[in-house]
1. Hey, of (i) 33; (ii) 30; (iii) 37, which did the structure itself give for percent of Cα pairs over 30 Å apart when calculated?
2. Of all beta bridges DSSP finds with both residues in segment 106-247, what is the antiparallel percent, to the nearest 5?
3. Antiparallel versus total DSSP beta bridges in the chain: what percent is that, nearest 5?
4. Any idea what % of Cα-Cα pairs in segment 3-90 are farther than 20 Å?
5. In what order do 209, 254 fall by count of nearby beta-carbon atoms within 10 Å, going from fewest to most?
6. Most exposed first by the Cβ proxy, i.e. fewest other Cβ within 10 Å, how do 167, 60, 7 rank?
7. Please give the contour-minus-distance gain from residue 211 to residue 69: 0.36 nm per residue of separation, less the Cα-Cα distance, rounded to one decimal in nm.
8. Helix 34-45 versus the longest principal axis of the chain: what angle, 0 to 90°, nearest 10, using Cα atoms?
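What follows draws every value from the coordinates through simple rules; no lab data is involved. No experiment lies behind these values; they were computed from the predicted model shown. Glycine gets a Cβ as well: all are built from the backbone with ideal geometry, and neighbour counts include every protein chain shown.
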């Protein structure tokens, strides 16, 4: 299985290369940068080997995407068609989710949430919570049977910092980092500590409530750009795993191939 997995997010587009089913690398590209995105997709596609049976030099691989941003989906679709002469397959449209959903309005669920949860459960093989700290924070639960139960959504660090700055008269814009002290001695440090510790405490409280519902404490995995920032202060978290959505795309495509055999 030779695959380019594309995770189209709200801010960045992550691209992962899999050769013979093995992950080679994942790189994140700013979604607004069409030139950088085009160049990286072209160079990555050229790493896919040419099919032995192809007289036209067609490469033996596919491009599979998950998206939460329609306009960027169309941008990637156009780049792939015009620069590579290929088409992308979309998760939930062309490729089914690799996990059962027990939610209302499954057609409206963010594919990134389902795929990250799928990848986590494939490894944990029992109840697991997946918290993705990106532009928004999503904290989702998969039960012991491998069923996606749903979750919660709240603003990520950047969005929260922007809200405090834009919706008040005097509060400055803050880039969140690990605080030097639990309480701020000035306004900037106070905002920084508030956003940082509220994210950690929210995660802990939500996981606790999930555990009470399940009757057992689930394994907890965090991912996303913000997760790397807080992981050292999350003693209750079992693992930090970057690029879970990319791994979920690969899992979905592999299961799709297996279902057709």
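1. After the calculation, the listed value that fits is (i).
2. DSSP beta bridges in segment 106-247 are roughly 65 percent antiparallel.
3. 60
4. When every Cα pair of segment 3-90 is considered, 28 percent fall beyond 20 Å.
5. 209, 254
6. With the sparsest Cβ surroundings first, the list reads 167, 60, 7.
7. 47.9 nm
8. Taking Cα atoms only, the helix is inclined about 50 degrees.
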